[in-house]
Amino acid sequence: MPERLTEMLMDTWTPLIILWITVLPSIYMAPMNQSQVLPSGSSTGLKRLTEEQRVLNRSKRGWVWNQMFVLEEFSGPEPILVGRLHTDLDPGSSKIKYILSGDGAGTIFVINDKTGDIHAMKRLDREEKAEYTLTAQAVDRDTNKPLEPPSEFIIKVQDINDNAPEFVDGPYHATVPEMSVVGTFVTKVTATDADDPVYGNSAKLVYSILEGQPYFSIEPHTAIIKTALPNMDREAKEEYFVVIQAKDMGGHMGGLSGTTTVTITLTDVNDNPPKFAQSLYHFSVMEDVALGEPIGRVKANDLDIGENAKSSYDIIEGDGMDIFEITTDAQTQDGVIRVRKPLDFETKKSYTLKVEAANIHIDPRFISGGPFKDTATVKIVVEDADEPPVFSSPTYLLEVHENAAINSVIGQVTAHDPDVSSSPIRFSIDRHTDLERQFNINAEDGKITLATPLDRETNTWHNITIVATETRNHSQVSRVPVTIKVLDVNDNAPEFASEHEAFLCENGKPGQVIQIVSAVDKDDPKNGHYFLYSLLPEMVNNPNFTIKKNEDNTLSILAKHNGFSRQKQEVYLLPIIISDSGNPPMSSTSTLTIRVCGCSSDGIVQSCNVEAYVLPIGLSMGALIAILACIILLLVIVVLFVTLRRHKNEPLIIKDDEDVRENIIRYDDEGGGEEDTEAFDIATLQNPDGINGFLPRKDIKPDLQFMPRQGLAPVPNGVDVDDFINTRIQEADNDPTAPPYDSIQIYGYEGRGSAAGSLSSLESSASDSDQNFDYLSEWGPRFKRLGELYSVGESDKET
């Protein structure tokens, strides 16, 4: 403590001593005049210096007189004297008054208005304000008139070492790669000192390491931190805590110091190879495992982290290289072994693989350290699983002629159990693919037989599904699609493609083609259709017409002579026999109708039968059309006239707003049940003429004149609605003046004793199995088929 006090006193008084040694002699040597304000210690005796001396001294003056100095952080029982102002006009009679103004005047700095002494009243801090600018002036104490112009001067605060260095940006964090060489740059720190950097050594800093050796070092003046040891391994120690000191006064004794911390982390480099945790792995897998399913994981550990720890896996040897594959899990860096191809316990029961793990990113600086890879052996055991039956073929295509006999075998499917136990197989047809039950299958040997006749012209292809089931385990089921093609046989006779009607001109010529006809056959022979045409045997020598076969498989009808007349015979019928080339051949007889018509000179048909009756009275076709048009026009005029007359008469019913044919009463409200007596008025069902009397019909005249019905009194709401409605129906049936048949009357009442019985599902059978659909066969062939379909569904459920 005494040493520290001595250092502070020396720092405080040394500048003051230097000030008085260097400043005061200069003050006495400086020239003066009446307008100068001088520091304390000035003398008026220098006023008598000769002009020659004044010139010589003025040229050699080396200090600025208008500066004063005061030491910062100085404190004592009395205010500190900064300096003294004096003028030659002061005779010492106290008639002059000194005035001080400017920065801190009156608060920080106070002047004695009689003596001119300036005192610092407060403790000053150079770091807050380094200098103060003030103005001094001498005035007459009695009149306050200036004795000389004001003079400006500066008071500077002199620095002492009162601020320790500070690390503004600390604490620091830095990184450096592991295994770095000595002298590798780590980071740079910076400290600041608030003291005056140009005065003394108060702000001259020197850096050193207090903690962190021998791993790191620091440059004393640049504060650059570097590595001090080689081959620092992150895997051994990753983080270091370093303490840095900055000391002012050039690091000498008595200087102030500050510290900061630097946390240095070693970053990873790829200096470690992957290593399997064990050299041998064992896995087991069921033979029916799905393709792509993982069966096991292997792990190669790497002491590095991040990208340097990533490895890729590969199968480099083994008898299952084409059966298995290994991939890398990006999250866990595990090697995942998966199945690439189906396994078969009966074929091979175990596999041995050799897998390798290798780093993906290799650092060339450490490649000499050895191969960055490792290997391990994997043994995989295949376990037996109960597999479903296997068909001998994935699909089957069968062919059968459409005239095949019932119960004839059309093909066979085979399947076996691939397991060692080899369970027997039973076959069946999925009836959802054979709704009409056209095929059956032998459950033991898989032979497919025909159950109903086939017709190629109705359905050429049939697609069914065969089901194979193990007898020992019914859950093991396999299915296979079977396509059945129905082959054609010649079972359809050819016939005309369409109903032909030929037209023969009266002025036709012999050998003229009357009509070209074609035939069709529902069968589909392999070599295509070839038809033979002929006339009936009794019409071979037909005197009017003959036939001719064309190369395109069509037939031409020719006239044998001319001179045909409609008056003589208007229509001719020509039977033609059409035969195909099948085995056995099929034939049919079709009749061609030939009409005799009147034609133009160009052979264009004009009329066939109408003109034959009109021409004898001398009317042409155009005249006949004109007459018909006039008749139609007259009829239209008569109808319009009658309609207009009827519209002028009175309405059909006296009150149109009560006509039930045009008024619709709609009720959207929901009734309240039996206790709701206001939801519906029974008077609505009463005859509307009950109040207003009889409403006569104007549109019809009754055959019998009935006396008008007397209006019925309103019926009370308590009447039986059933009896009321039946009475109204009977009256309407017997009343010719009742509304016409296009009227609609709706009664919201459900009758009793319906012959159809109740439609409610509440009285249905307890289950579908209690119903018998045999009665549907009595309704016709279509309903019979419907009953068979429902019977099939019930039998499938029982099965």
Return the pairs, sorted by first residue and then second, in which the second residue is assigned to a loop (DSSP other than H, G, I, E, B) and among the β-branched types (Val, Ile, Thr), the first residue lies in the range 126-149 and is in contact (Cβ under 8 Å) with a residue 24 or more places away in the chain and surrounded by 14 or more Cβ atoms within 10 Å (Cβ to Cβ), the beta carbons are less than 6 Å apart, and the residues are 6+ apart or on different chains. ALA136/VAL37; ALA138/THR87
Answer with yes or no whether GLU399 is in contact with a strand residue (DSSP E or B) (Cβ under 9 Å, 6 or more places away or on another chain), touching a residue at least 24 places away in the same chain (Cβ under 8 Å) and closer than 27 Å to ARG297 by Cβ. no
Whichever residue in the range 159-189 is open to solvent by 70 Å² or more (accessible area, probe 1.4 Å) and of a type outside the set (A, V, I, L, M) and, among such residues, is farthest from THR263 (Cα to Cα): GLU166
Return yes or no: is SER498 under 44 Å from the mean Cα position of the chain (by Cα) and assigned to a loop (DSSP other than H, G, I, E, B)? no
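Can you tell me how many residues in the range 441-451 are open to solvent by less than 20 Å² (accessible area, probe 1.4 Å) and without any contact (Cβ under 8 Å) to a residue 24 or more places away in the chain?
Summing the residues that are open to solvent by less than 20 Å² (accessible area, probe 1.4 Å) and without any contact (Cβ under 8 Å) to a residue 24 or more places away in the chain in the range 441-451 gives 0.
For the range 449-468, which residues satisfy the criterion of being out of contact with any Ser or Thr (no Cβ under 7 Å at 6 or more places or on another chain) and of a type outside the set (Lys, Arg)?
At the first step, the residues of the range 449-468 found to be out of contact with any Ser or Thr (no Cβ under 7 Å at 6 or more places or on another chain) are 451-460, 462, 466.
Within the range 449-468, ALA451, THR452, PRO453, LEU454, ASP455, GLU457, THR458, ASN459, THR460, HIS462, ILE466 qualify.
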Going residue by residue through the range 230-246, is there one that turns out to be at pLDDT 90 or above, under 14 Å from PHE167 (Cα atoms) and out of contact with any Phe, Trp or Tyr (no Cβ under 8 Å at 6 or more places or on another chain)? yes
Collect the residues in the range 73-107 that are closer than 17 Å to ALA138 by Cα, open to solvent by 50 Å² or more (accessible area, probe 1.4 Å), in a loop (DSSP other than H, G, I, E, B) and not charged (D, E, K, R), keeping them in residue-number order. LEU89, PRO91, GLY92, SER93, SER94, GLY106
Tell me which residues, restricted to the range 546-582, are acidic (Asp, Glu) and within 22 Å of ALA497 (Cα to Cα). GLU551, ASP552, ASP580
So if I check each of ARG479, ARG472, which one is open to solvent by 50 Å² or more (accessible area, probe 1.4 Å) and in contact with a strand residue (DSSP E or B) (Cβ under 9 Å, 6 or more places away or on another chain)? ARG479
Among the residues of the range 312-341 satisfying the criterion of being open to solvent by 50 Å² or more (accessible area, probe 1.4 Å) and assigned to a strand (DSSP E or B), which is farthest from GLU356 (Cα to Cα)? ARG338
Among what's in the range 587-628 and is open to solvent by less than 60 Å² (accessible area, probe 1.4 Å), in a helix (DSSP H, G or I) and over 22 Å from LYS568 (Cβ atoms), pick the residue that is modelled with the lowest pLDDT. GLY622
Against the condition crowded, with 17+ Cβ neighbours inside 10 Å and in contact (Cβ under 8 Å) with a residue 24 or more places away in the chain, how does LEU454 come out, does it pass? yes
Taking the range 517-549 as the region of interest, how many residues are under 19 Å from MET586 (Cβ atoms), hydrophobic (A, V, I, L, M, F, W, C) and open to solvent by 40 Å² or more (accessible area, probe 1.4 Å)? 2
For the range 168-224, which positions are closer than 12 Å to ILE244 by Cβ and among the aliphatic types (A, V, I, L, M)? ALA174, VAL186, VAL189, ALA191, LEU205, VAL206, ILE209, LEU210, ILE218, ALA223, ILE224
Test: PHE564 is of a type outside the set (Lys, Arg), within 21 Å of CYS608 (Cα to Cα) and assigned to a loop (DSSP other than H, G, I, E, B): yes
Leading residue by the ranking (nearest to ASP314 (Cα to Cα)) among those in the range 253-271 that are assigned to a loop (DSSP other than H, G, I, E, B) and in contact with a strand residue (DSSP E or B) (Cβ under 9 Å, 6 or more places away or on another chain): ASN270
Scan the range 117-168 for residues that are assigned to a loop (DSSP other than H, G, I, E, B) and of a type outside the set (Ser, Thr, Tyr) and report the count. 27
Step by step: first the residues of the range 550-589, then only those that are hydrophobic (A, V, I, L, M, F, W, C) and in contact with a Pro (Cβ under 8 Å, 6 or more places away or on another chain), then the one that is farthest from CYS505 (Cα to Cα). Which residue is that? MET586
Within the range 389-414, which residues are under 43 Å from the mean Cα position of the chain (by Cα) and open to solvent by 50 Å² or more (accessible area, probe 1.4 Å)? VAL390, PRO394, THR395
For the range 230-248, check the following and say yes or no: at least one residue is under 18 Å from VAL168 (Cβ atoms), of a type outside the set (Lys, Arg) and open to solvent by 50 Å² or more (accessible area, probe 1.4 Å). no
Residue by residue through the range 347-359, note down the ones that are open to solvent by 60 Å² or more (accessible area, probe 1.4 Å) and either of a type in the set (D, E, K, R) or closer than 30 Å to VAL269 by Cα (or both). LYS348, LYS349, LYS354
Where residues in the range 272-309 are in a loop (DSSP other than H, G, I, E, B) and buried (at least 18 other Cβ atoms within 10 Å of the Cβ), which of them is nearest to the chain's Cα centre (by Cα)? GLU287
The one condition ASN201 fails out of (1) assigned to a loop (DSSP other than H, G, I, E, B); (2) open to solvent by 50 Å² or more (accessible area, probe 1.4 Å); (3) closer than 21 Å to THR175 by Cβ is (3)
Does any residue of the range 423-440 turn out to be of a type in the set (Asp, Glu), touching a residue at least 40 places away in the same chain (Cβ under 8 Å) and either in contact with a Leu (Cβ under 6 Å, 6 or more places away or on another chain) or open to solvent by less than 70 Å² (accessible area, probe 1.4 Å) (or both)? yes
Keeping to the range 469-484, report how many residues are closer than 21 Å to LEU450 by Cβ and not in a strand (DSSP E or B). 0
Could you say which residue among VAL70, VAL110 is in a strand (DSSP E or B), under 25 Å from ASP140 (Cβ atoms) and of a type in the set (Val, Ile, Thr)? VAL110
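The values are calculated or read from the model by the stated rules, or taken from the named source; none is laboratory data. Owing to the predicted nature of the structure, the values given are computational and were not obtained by experimental measurement. Positions of Cβ are backbone-derived with ideal geometry, glycine not excepted, and every protein chain shown enters the neighbour counts. We work out accessible area using only protein heavy atoms, side chains counted, and drop any ligands, DNA or RNA first. Shrake-Rupley method; radii C 1.70, N 1.55, O 1.52, S 1.80 Å.
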